[in-house]
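No value in this document is a laboratory result; all are computed from the given coordinates. Since we're looking at a predicted model, the values are computed, not measured. Using ideal geometry, Cβ is built from the backbone for each residue, glycine included, and neighbour counts are taken over all protein chains shown.
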Amino acid sequence: MSTSIAEQRMTADERYQQSLIYGLIISTGILSMIVCSLRLYTRAFIINIFGVDDIAVCVALVFTQTFNGIGVAIVYYGEGKHFTSVSPEDRAMWLKLYYVAMCMYLYTSLSVKLSLVITLYQAVLIFVSDIIILLAPMAILCRLQMPTRKIIALVAIFGSGVIACISPVVRFSTLDYLRNGTTDLTYDSASSLYWMAIEFNLGLVAGSLSSLRPLPLFRRFGSSTHHSEDKESTSDESHELRNVNASQPRSPYKNRMSFGMGASILEDSVNGSQERIIHAKADYVKPQPRD
C-alpha cells in the first residue's frame, strides 16, 4: 500500500529516470547473460575447448550480474527520485547499496576487462589495449576481400566493444554533481549508474560474440557467399576444389583456439579465397601461339 502511494507521488521526470535505469540495466544484463551462456555452451559442448579466457568470462559474468542486481535494488530504494521524495529509511538503505556498488565497480570493471583481454590474447596495458584492439581493425575491414555479410558481422562485434570503451568516458562526464556539490544525490547519480551497467554488460557481449559462430543460428554469418557465375562452374572445377581441401583434412571446429574478436568469422575467408583462385584459373583461356 505504501509503495503504491509513493509511486503516485512520483513526478514525471522521476518515473522517466527510474524506467530508463530499470530498462537499461535489465536489458543489457539479459543480453550479456544470453550471449555469455551461448559462448560457454559453444566452447564446452560444441568445440570441446574450455580455456582460461572462458574461466575469466565466468568470473566477470558473476561480478556483472551481481552488480546488475545491486543496481536494481538501488533503483528500488530511491535512485532516480529526488532526494526529498525518498523516505529516511530508504535513504539509509540507498546509501549502503550505493556504497557497495561503488566498491564493486573496481572489481567488476577489472574482471570484465581481463576477460576481454585474455580472449584477445593481449594481456598488457588493460586501459590502453581496449581502445587499440577495438579501433585498429576498423580501417582494415574496409580493405578485406570478403562478403558483405562478414564485414557487417565484424563491424557489429567491434562496435559493441567501442560502446563499452566509450561508456566510462561518458560516465565520468556525469560525475560533475560530485565536484560541484549536490543536495539531490539520488536523482543526479542516476545516469552514472546505468552507464556503469552498459560498460560491464556490453564489454562481456563484445568479448563473447565471436565465439558464437559454431552455433547453427550464427554459422551463416561466417559462410562464404558466391556470385552467380561461381554457382555455374563445372563439376570438374568442384572436383578440383575438393581435392585441394582433401589434401589438408581438418575439422572446422576441433582444436580451434580463439585469437580475438571475429577471428572465427575471418577464418572461412581462406576457403573462399581458394575457390576464387580455382575459378579464376578455370576462366582463364590460354592464348594460342601465332603462326
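Let me check I've understood the local charge: for Lys96, count other residues with C-beta under 12 angstrom from its C-beta, Lys and Arg +1, Asp and Glu -1. What total comes out?
Cβ neighbours under 12 Å give a net charge of -1.
Using a basic spin-label model with each label point 7 Å from the Cα along Cα→Cβ, how many nm lie between Asp90 and Cys103?
Label at Asp90, label at Cys103, 2.5 nm between them.
Can you give the extra length, in nm with one decimal, that the chain gains between Phe45 and Met10 once fully stretched, where that is 0.36 nm per residue apart less the Cα-Cα distance?
Additional length available on full extension: 7.7 nm.
With a point put 7 Å past each Cα toward its Cβ, work out how far Cys58 is from Ser27 in nm, to one decimal.
3.1
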